[in-house]
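No value in this document is a laboratory result; all are computed from the given coordinates. Just so it is clear, the structure is predicted and the values come from calculations on it, not from any experiment. When we count neighbours, we look across all protein chains shown, and the Cβ atoms used for this are built from the backbone with ideal geometry, even at glycine.
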Amino acid sequence: MPVVNQPSAARLNRGPLLFRYIDDPEQYRIERYLEHGGYTALRKALREMTPAQVAEMVARANLRGRGGAFFPTARKWSLMPSGVFPRYVVANADESEPGTCKDRQLMERDPHQLIEGLTLAAYSVGAEQVYIYIRWEFEFAAERLWNAIREAYAHGFLGKRILGTEFNCDMAMHRGAGAYICGEETALLSSLEGRRPEPRLRPPYFPAAKGYRSLPTALSNVETYCNVTHIVREGPEVFTQFGREKCPGTKLTCISGHVRTPGVYEIPLGVPLREVIDEWGGGVREGRSLKAVIPGGASAPILPPDRIDYPFDFEGMIEAGSMIGSAGVIVMDDTTCMVGAAMNLVRFFEHESCGKCTPCREGCPWLSRLLRKIEAGQGKREDIDLLLSLCDEMDGKCFCLLGESAIVPVRSAIQHWRHEFEQHITEGRCPFGDGAY
Ligand SMILES: Cc1cc2nc3c(=O)[nH]c(=O)nc-3n(C[C@H](O)[C@H](O)[C@H](O)COP(=O)(O)O)c2cc1C
């Protein structure tokens with residue numbers, strides 16, 4: 001068993017909001033968090049604001065969920081049916097999207113920021129119980145969070161009659177068992193209830209309406225809740241000074257792959273993707289050129305270099321032909337075999353398919369087998385069209401977005417690099433050599 005007793009090593013920047021104190025080694029302790037203005041937002045909300053006013057502030061900031069879909073957070077809260085109690089707040093800390101490692105930094109280095117945001121959300125929606133569903137592998141983050149929750153109880157920020165008001169709120173942490181599907185919100189809730197982590201049918205199982213134990217549940221990503229803390233503490237104007245009108249704020253962006261300075265950076269939304277790669281990522285490796293970039297984790301379409309001048313936000317990345325997703329920016333230079341890259345991504349989905357629906361359970365291994373065959377130089381010309389027709393068969397027919405995501409790298413790789421697939425077939429080998437992905 002490895003001893004995990006320090007934060008993960010990652011290159012980070014001091015950012016304007018969520019990463020303001022990220023490099024302060026004591027920020028995880030409540031005393032330091034309080035010195036830096038911690039829990040003033042909760043104090044302000046409980047003493048001076050109604051629950052509706054908190055939601056209104058989040059709506060004015062136009063906070064959109066950072067779990068991938070960018071759905072407006074306050075709108076999600078408003079979809080919880082009135083008069084149905086108890087209700088719950090859940091943080092999605094499963095963070096399993098390949099290329100994504102931002103929530104981990106928040107939980108390891110600044111856990112009270114999350115606890116405060118969750119408590120504010122609970123106050124706003126009328127919940128008295130909060131769950132943090134954390135990925136199993138985040139052992140150190142879980143330890144830090146657990147200690148932080150205990151500190152928050154000891155200081156009266158959690159528990160009964162918080163800060164002398166009528167508001168009660170308990171917080172518990174649940175460790176997942178290490179499966180990608182647990183990040184899908186309905187599968188997460190099944191797992192939290194002690195069932196198999198399989199997605200649920202929507203409707204009726206929209207978490208806001210029928211969530212944990214079929215009761216109203218506000219479920220959002222860790223980064224989303226951390227933003228709530230800043231919006232309430234400093235006002236929506238501080239948040240909206242970053243980004244574009246439709247998609248304000250900053251984004252914790254994880255840059256990996258063939259760049260000089262990979263890391264997790266807090267970046268204002270809306271800067272060109274090129275700047276994300278060149279300024280924060282330090283550009284591609286010495287002497288190499290950019291070949292491809294995935295802007296939003298494994299589920300986002302792969303982009304060629306002529307698509308990187310679009311703004312790095314929800315709308316901008318759609319315009320570019322991809323999506324911002326979890327903002328896991330994976331950069332590939334000209335040494336990369338795109339057949340191998342697609343194969344690598346599909347193998348992930350194949351491994352993680354929960355097996356509940358046939359298109360995903362059968363389709364992912366089939367795609368994977370075909371890609372392995374082509375990559376090894378044993379493919380036939382008709383295999384490329386077979387791949388595409390398989391994607392068509394799976395499209396819109398999988399039970400959840402996991403299976404739908406598996407077709408994304410295949411389609412985008414064939415769309416932009418079909419010649420490489422053909423080259424593998426005509427040459428009977430990978431032109432880039434073994435393992436060039
Ligand atoms: C297969 C799959 C995996 C997902 N994994 C995560 C995850 O690890 N973390 C996360 O916040 N959202 C994940 N999501 C998205 C969640 O279902 C949900 O939309 C999100 O947590 C909502 O948070 P937000 O409103 O803050 O964006 C995943 C979705 C799918 C389909």
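Key figures for this structure:
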item	result
Spacing of the two label points (7 Å from each Cα toward its C-beta) at Asp385 and Thr335, in nm	3.7 nm
Among 36-49, 256-269, the order from most to least packed when residues are scored by Cβ within 10 Å on average	256-269, 36-49
Packing rank of 401-413, 224-236, 188-200, 419-431, where each peptide gets the mean count of other beta carbons within 10 Å, highest leading	224-236, 401-413, 188-200, 419-431
Cα-projected label distance for Tyr153 with Thr426, points at 7 Å along beta-carbon direction, nm	6.8 nm
Residue-averaged 222 nm ellipticity for the chain, from DSSP H runs of 4+ at -39500 (n - 2.57), nearest 500	-12500 deg cm²/dmol
Label-point separation, His419 to Arg175 (7 Å along Cα→Cβ), nm	5.1 nm
DSSP bridge orientation in segment 247-333 - percent antiparallel, rounded to nearest 5	75 percent
Equivalent ellipsoid dimensions for segment 30-241 as semi-axes, Å, which come from the Cα gyration tensor, largest first	24, 20, 17
At R0 = 51 Å, FRET efficiency that the Cβ-Cβ distance of Ala376 and Glu128 yields, to 0.05	0.35
Segment 207-308: radius of gyration over Cα atoms, expressed as a fraction of 2.2 N^0.38 Å	1.35
Amide H partners (placed H, <5 Å) of Gly257, local residues excluded	Val331
Kirkwood-based shape ratio for segment 322-433, expressed as Rg/Rh from alpha carbons	0.96
Segment 30-241: antiparallel DSSP beta bridges as a percent of all, rounded to 5	10 percent
The chain - convex hull of the alpha-carbon atoms, volume per residue in Å³	136 Å³
DSSP H segments from the chain that extend 20 Å or more along their own axis, Cα-based, with Kyte-Doolittle mean of 0.0 or above	111-125, 338-352, 381-394
Within straight-line cross-link reach of Lys160, lysines at Cα separation under 28 Å, skipping those fewer than 8 residues along the same chain	Lys44, Lys76, Lys210
Taking all pairs of distinct alpha-carbon atoms in segment 240-382, Kirkwood radius in angstrom	16.2 Å
Which of Arg11, Arg104, Arg66 has the fewest Cβ neighbours within 10 Å, and the rest in rising order	Arg11, Arg104, Arg66
